[in-house]
Amino acid sequence: MPLNIAFKALADASRRQILNMLQTGDLTAGEIADHFSMTKPSISHHLNILKQANLVQDLRKGQNIYYSLNTTVFQELIGWFYDIIDSSKENESDKAEGKVKESKTENKIKKEGDQEW
């Protein structure tokens, strides 16, 4: 799943609120709509975007469709963030090592220069 679809879905405050609501358990579209002052077609639109991003799953039980979180995608997103943090830390470490080596080289050059005089 391309992460850009998930990030686009997460960019909207209403969709994030729906995801927060689903943390407590599965809900129908009507139960979700009860917490918003928007039309049911608008709720349906938001749910479809969340489904396209695989952030939610739907399951039909009788006449109702229940929506639930798909934690697999959240794990992928978290993994992506960790990869960025790890590579950032490695770059910082490499830079720090480079500065230490550079400083030692400068000190060595200065000492050698002092000895010549």
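The residue pairs whose first member lies in region 29-49 and is in contact (Cβ under 8 Å) with a residue 40 or more places away in the chain, whose second member is surrounded by 14 or more Cβ atoms within 10 Å (Cβ to Cβ), and whose beta carbons are closer than 7 Å, counting only pairs six or more residues apart or on different chains, are Ile49/Ala9; Ile49/Arg15.
The residues in region 1-22 that are at pLDDT 95 or above, exposed (fewer than 12 other Cβ atoms within 10 Å of the Cβ) and part of a loop (DSSP other than H, G, I, E, B) can be counted, and the count is 1. Scanning region 34-70 for residues that are exposed (fewer than 11 other Cβ atoms within 10 Å of the Cβ) and part of a helix (DSSP H, G or I) gives a single hit, Pro41.
The values are calculated or read from the model by the stated rules, or taken from the named source; none is laboratory data. Bear in mind that the values here come from a model prediction, so they are computed numbers and not experimental data. Positions of Cβ are generated from backbone atoms using ideal geometry, with glycine treated the same way; all protein chains shown enter the neighbour counts.
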